[in-house]
Amino acid sequence: MKLDSSIVAVITGGASGLGAATARALAAEGVKVALFDMNAEKGEALARELGGVFCAVNVADEATVDAGFAKARAAHGQERILVNCAGTGIAVKTAARDRNSGAIKSHPTADFERIIQINLIGTFRCIAKSAAGMLMLAPLSDGDRGVIVNTASVAAQDGQIGQAAYSASKAGIVGMTLPIARDLSSEGIRINTILPGTFDTPLLGTVPDNVRDALAAAVPFPKRLGDPAEYASLALEMCRNGYFNGEAVRLDGAIRMGMR
C-alpha cells in the first residue's frame with residue numbers, strides 16, 4: 001500500500017506512546033489520521049498538531065468504539081489502515097501469601113477479565129468493525145483494500161511472574177492474527193502483529209531511573225529501551241509491504257524475559 005493523502009488511518013491508543021509515534025509517522029507520509037483514546041487532553045493536542053481528528057474511545061466499550069468510527073469516517077472517510085495500540089496491564093500473582101499476615105489470596109477474576117476485555121476483546125472489536133468498513137472500499141492497484149497492525153508484547157511468549165492476565169491477553173492477539181488474515185484474505189485485507197519488548201513509553205516514565213537502567217541493560221543489543229519511532233517504522237513497513245501478512249514479529253533487541 002502506498003502511503004499518501006488518499007489513505008485514512010485509525011490508531012487506537014493514539015494519544016501517546018507507540019500509538020502517537022505511529023500517528024506522527026503516518027501523518028508525515030500525508031496519511032489522514034484519527035486518534036482513538038481516553039485521554040482527551042493529549043489526544044486533542046496531537047490531533048491539532050497532525051491535522052487529524054480525535055475520538056474519545058474506550059475500546060472495551062462498544063458504544064464509544066462505534067461513535068469513534070462514525071466520527072472518524074465523517075471527518076476523513078473510510079479508513080484503509082487500523083493500528084491497534086490501546087492496552088493496559090497489571091501485575092498480580094495467580095495465588096499468593098500476604099507478606100505480613102500470611103493470608104492466602106487468589107487473583108481476582110474481575111481483574112483478569114478487565115485486562116482481557118481491554119487488550120484482547122477491545123483489539124478484536126476494533127478489527128471486526130474496521131474490516132467491515134474496509135469491505136465497502138474498492139481494492140487499490142496492488143490489490144490491498146486495507147491493512148491492520150496489532151500490538152501484542154513479548155509477554156505473549158515470555159510472561160513474567162504476575163503477568164498471567166496480561167500475557168494471556170497478548171497471546172490471544174498473537175493467536176488470532178493468522179485466522180483473521182485467512183478470514184480476510186479473499187477481500188484483500190492484511191493483518192500483522194508486533195510484539196514490542198521494553199519501550200520508552202509513558203508507562204515507564206513513572207519508573208525510577210535505576211529500574212529503567214536495569215531494563216535497558218537487560219537488552220542484548222542495543223542496550224537501551226526501544227524508541228516508539230522504531231515501533232512506528234515497523235508498523236509502516238507492514239502497511240507498505242504487500243507480502244507482509246499473517247505474521248507476528250518481535251521487536252525487542254533480542255531480549256528474552258526472565259521470571260521477574
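Restricting segment 29-49 to residues that are under 16 Å from residue 7 (Cβ atoms) and of a type outside the set (A, V, I, L, M) leaves a set whose member that is surrounded by the fewest Cβ atoms within 10 Å (Cβ to Cβ) is 30.
Taking every residue in segment 202-218 that is within 25 Å of residue 13 (Cβ to Cβ) and in contact (Cβ under 8 Å) with a residue 12 or more places away in the chain and pairing it with any residue that is surrounded by 13 or more Cβ atoms within 10 Å (Cβ to Cβ) and basic (Lys, Arg), at least 6 positions away or on another chain, the pairs with Cβ-Cβ distances below 7 Å are 204/212; 216/224. Restricting segment 59-78 to residues that are in contact (Cβ under 8 Å) with a residue 60 or more places away in the chain and touching a strand residue (DSSP E or B) at 6+ places or on another chain (Cβ under 9 Å) leaves a set whose member that is surrounded by the fewest Cβ atoms within 10 Å (Cβ to Cβ) is 77. The helices (runs of 4 or more DSSP H) located wholly in segment 104-162 that include 2 or more residues which are farther than 16 Å from residue 184 by Cβ occupy 109-115, 155-158. Scanning segment 163-177 for residues that are closer than 15 Å to residue 89 by Cα and either in a helix (DSSP H, G or I) or aliphatic (A, V, I, L, M) (or both) gives 164, 165, 166, 167, 168, 169, 170, 171, 172, 173.
Within segment 217-228, the set of residues being hydrophobic (A, V, I, L, M, F, W, C) and either farther than 18 Å from residue 17 by Cα or part of a helix (DSSP H, G or I) (or both) comprises 217, 218, 219, 221. Just one of the listed residues (110, 95, 152) is modelled with pLDDT of 95 or more, in contact with a His (Cβ under 9 Å, 6 or more places away or on another chain) and closer than 30 Å to residue 215 by Cα, and it is 95.
Of all the listed residues (142, 111), the sole one being touching a residue at least 40 places away in the same chain (Cβ under 8 Å), within 19 Å of residue 245 (Cα to Cα) and surrounded by fewer than 16 Cβ atoms within 10 Å (Cβ to Cβ) is 142.
Among the residues of segment 178-210, those that are under 17 Å from residue 144 (Cα atoms), hydrophobic (A, V, I, L, M, F, W, C) and part of a strand (DSSP E or B) comprise 189, 191.
Residue by residue, here is whether (1) over 22 Å from residue 16 (Cβ atoms); (2) modelled with pLDDT of 95 or more; (3) not in a helix (DSSP H, G or I) holds:
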site: 212; (1), (2), (3): no, no, no
site: 215; (1), (2), (3): no, no, no
site: 230; (1), (2), (3): no, yes, no
site: 236; (1), (2), (3): no, yes, no
site: 244; (1), (2), (3): yes, yes, yes
site: 249; (1), (2), (3): yes, yes, yes
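Within segment 79-108, being within 20 Å of the chain's Cα centre (by Cα) and surrounded by 14 or more Cβ atoms within 10 Å (Cβ to Cβ) holds for 79, 80, 81, 82, 83, 84, 85, 86, 87, 88, 89, 90.
One line per residue, one yes/no per condition, for (1) surrounded by 15 or more Cβ atoms within 10 Å (Cβ to Cβ); (2) among the aliphatic types (A, V, I, L, M); (3) under 28 Å from residue 142 (Cβ atoms):
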site: 198; (1), (2), (3): yes, no, no
site: 202; (1), (2), (3): no, no, no
site: 206; (1), (2), (3): no, no, no
site: 219; (1), (2), (3): yes, yes, no
site: 244; (1), (2), (3): yes, no, yes
site: 250; (1), (2), (3): yes, no, yes
site: 258; (1), (2), (3): no, no, no
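The values are calculated or read from the model by the stated rules, or taken from the named source; none is laboratory data. Quick caveat, the model's predicted, so the values are computed rather than measured. Virtual Cβ from ideal backbone geometry, glycine too; neighbours counted across all protein chains shown.
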